[in-house]
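Quick notes on the structure that follows.
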Amino acid sequence: MLRCVPQGVGAVAAAVTERVKIGFSVLVAPIRPVPWLAAQVATLQHLSGDRLLLGVGSGGFPGAPFWQALGVEPGGRGRATDAALALLPRLLAGEPVQVAEGRPPLVQAPAAAMPPVLVGGSETAFRRVLDHGDGWFPSLIGPADLAPAVARLRDLAAERGVPRPSVTVGGHIVMGEGESARLAYDALVRNLIDVHGMLPDVAARVPMVARVPGELAEIFAAYQAAGADRVVAGSDNAGWREQLEFMAEACRLLE
């Protein structure tokens, strides 16, 4: 199970582990200068021994005060993300790259391996997946809605003659029973409707509701059957130790 962490925490995790993947879920490209992004990625690759999975998105809340304070224009986020993903492999490879017109080329050293890029977003991100990514990283989507989307993406990849993209799904687990589980479920569904604009019946299918690890194993199996290669999830109503034990048992039941 992949856990995705901020860059500073990721560096610590990379330095003290040997096998676990280190990931971003997701790194928002438009708010970072590309050379600085390349330096962060290279650092994590060297610390981890090339164990980074680079989840990248263009950002989902351009009207929020945080975005306004950064001065990122909503209309330019997609172009900025594409530009970053086009330059990043060359920067990591140590090639001379002219990042801005009229300025001298930049050479990053030491070179680092380009990590797999998992492109976040809805089906509108399919072009970016096929142009720049190794996989698609949707979130807040149930298995029934995921399956037809994965089929469309892989049909598009076949038409282009490019490798079949992997699929990583991000989501929220509601664990156990009782008041905390009910409140967590209701709060998440309400947020999906009010903030993300989902239809109520679609929002109701998004939470991974599991009273026991066996039910979570069935949910993971449903995502696998729908085309997912990986699930990135955490619980909205439990401590981290309880989450790990619950999910570890669910994964054991899948073996």
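The values are calculated or read from the model by the stated rules, or taken from the named source; none is laboratory data. Please read all numbers here as calculations on a predicted model, not as lab measurements. Glycine gets a Cβ as well: all are built from the backbone with ideal geometry, and neighbour counts include every protein chain shown. With ligands, DNA and RNA removed, areas are computed over all heavy atoms of the protein, side chains included. Shrake-Rupley method; radii C 1.70, N 1.55, O 1.52, S 1.80 Å.
Of all residues in the range 212-247, those satisfying the criterion of being open to solvent by 60 Å² or more (accessible area, probe 1.4 Å) and either out of contact with any helix residue (DSSP H, G or I) (no Cβ under 8 Å at 6 or more places or on another chain) or outside any loop (DSSP other than H, G, I, E, B) (or both) are 212, 218, 224, 225, 229, 230, 240, 241, 242, 244, 245. Of 129, 117, 97, all but one fail to be farther than 28 Å from residue 224 by Cβ and open to solvent by less than 80 Å² (accessible area, probe 1.4 Å); the exception is 97.
Would you confirm whether or not the range 148-165 contains a residue that is among the basic types (Lys, Arg), loosely packed, with under 12 Cβ neighbours inside 10 Å and over 20 Å from residue 230 (Cα atoms)? Yes - at least one qualifying residue is present in the range 148-165. Being touching a His at 6+ places or on another chain (Cβ under 6 Å) and either part of a helix (DSSP H, G or I) or at pLDDT 95 or above (or both) is a property that residue 188 has. Taking the range 15-46 as the range and being part of a helix (DSSP H, G or I), open to solvent by 60 Å² or more (accessible area, probe 1.4 Å) and modelled with pLDDT under 85 as the test, the residues that pass are 15, 16. Considering the conditions (1) closer than 20 Å to residue 196 by Cβ; (2) in contact (Cβ under 8 Å) with a residue 24 or more places away in the chain; (3) not charged (D, E, K, R), residue 68 is excluded by exactly one of them, (2). Of everything listed in (1) under 26 Å from residue 204 (Cα atoms); (2) of a type in the set (Val, Ile, Thr); (3) within 19 Å of the chain's Cα centre (by Cα), the single unmet condition for residue 117 is (1).
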